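Working notes, beginning with the structure itself.
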Amino acid sequence: MKRYKKYIIALSLVITVFFLSAALSLTYAHKSFASSNTKPTESTKVSDQSTSSKRADSAADNNNGLSISYNNDEGDFSGTVRILVFLTVISLAPAILIMLTSFTRIIIVLHFLRQAIGTQTAPPNQILIGLALFLTVFIMSPVFNQINKDAIKPFDEGKITQEEAIEAGSAPLRHFMYGETQEKDLALFCDISEKDVPTTEKEYNEVSMTLVVPAFILSELRTAFIMGFCIYVPFIVIDMVVASILMSMGMMMLPPTTISMPFKILLFILVDGWDLVIGTIVKTFY
């Protein structure tokens, strides 16, 4: 019994000490919180001073706005502006590739070739687009080199301004499009916009790109469809010969395309069709 009394007394002492320490800690925390609210610290004073100074500066100058400068129009963009221009060019790259280069004619002719042979998915679209892309780079490489020489390098070195760089860079591209644009297509858009049809080189250079680009695309579509028709003719002859033979043999239920496809592939291989088609496409731009 005495031993239990000792345990009870010891437990009560421990509980008393615990509550006393908890009360002292709460009292100390309350005092420190009150002192922090009444007396601002040094960091608080510094932050308040910086905030007030910023507000004063913003209130003193109400005409702040976005301005982009590149070394007093000497042509050297800052890093941020260079990134912005680069991202803009990347976003417009597909439209530039399709509208202003030889890509349109090449991909349409390759599509007609695949349809004429009768292979629906061979070569696949990825192969045709990749081939058209590298052929476009090959055909347009003189134009790109001229743009780099006349516009990009001088502008990067600060020798010309931004407006001069744009004018110098568009000149080789404009010359390429003029060489592939038919006069009746350009005259069509000039007539729609109620402008005079250019007759001299000086007048051609003054024509807006909004007229040159659609005229160029229309001419590319016409040329590509003409080449596609020429590709289709020999394969249509094979289809007609096979169909007439099957009709004469009474095999009306057998599709002629099933029999004619191996013969068309054989003809394409014998005449070295890939070299013939690709060489013809490339030579139309020279």
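Values computed for the structure shown
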| read-out | value |
| --- | --- |
| Helices (runs of 4 or more DSSP H) lying entirely in the stretch 96-171 (those with 1 or more residues that are at pLDDT below 90, closer than 23 Å to LEU218 by Cα and of a type outside the set (A, V, I, L, M)) | 103-117, 125-147 |
| Out of ILE107, ILE90, ILE129, ILE96, sole residue that is open to solvent by 70 Å² or more (accessible area, probe 1.4 Å), closer than 21 Å to PHE268 by Cα and either touching a helix residue (DSSP H, G or I) at 6+ places or on another chain (Cβ under 6 Å) or not polar (S, T, N, Q) (or both) | ILE129 |
| Residue in the stretch 192-208 that is part of a helix (DSSP H, G or I) and in contact with a Ser or Thr (Cβ under 8 Å, 6 or more places away or on another chain) present | no |
| Residue match in the stretch 182-205 (condition: under 25 Å from ILE278 (Cβ atoms), touching a helix residue (DSSP H, G or I) at 6+ places or on another chain (Cβ under 9 Å) and crowded, with 16+ Cβ neighbours inside 10 Å) | no |
| Pairs with Cβ under 6 Å, 6+ apart, first in the stretch 152-164 and under 17 Å from VAL89 (Cα atoms), second outside any loop (DSSP other than H, G, I, E, B) | PHE155/ALA165 |
| Where LYS264 falls short, out of the listed (1) basic (Lys, Arg); (2) modelled with pLDDT under 80; (3) surrounded by 13 or more Cβ atoms within 10 Å (Cβ to Cβ) | (2) |
| Where ILE231 falls short, out of the listed (1) touching a residue at least 40 places away in the same chain (Cβ under 8 Å); (2) closer than 17 Å to GLN115 by Cβ; (3) open to solvent by 40 Å² or more (accessible area, probe 1.4 Å) | (3) |
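The values are calculated or read from the model by the stated rules, or taken from the named source; none is laboratory data. Since we're looking at a predicted model, the values are computed, not measured. In this analysis, Cβ positions are derived from the backbone assuming ideal geometry, glycine residues included, and neighbour counts consider all displayed protein chains. Each accessible area value is taken on the protein alone, full model and side chains, heavy atoms only, with ligands, DNA and RNA left out. Shrake-Rupley method; radii C 1.70, N 1.55, O 1.52, S 1.80 Å.
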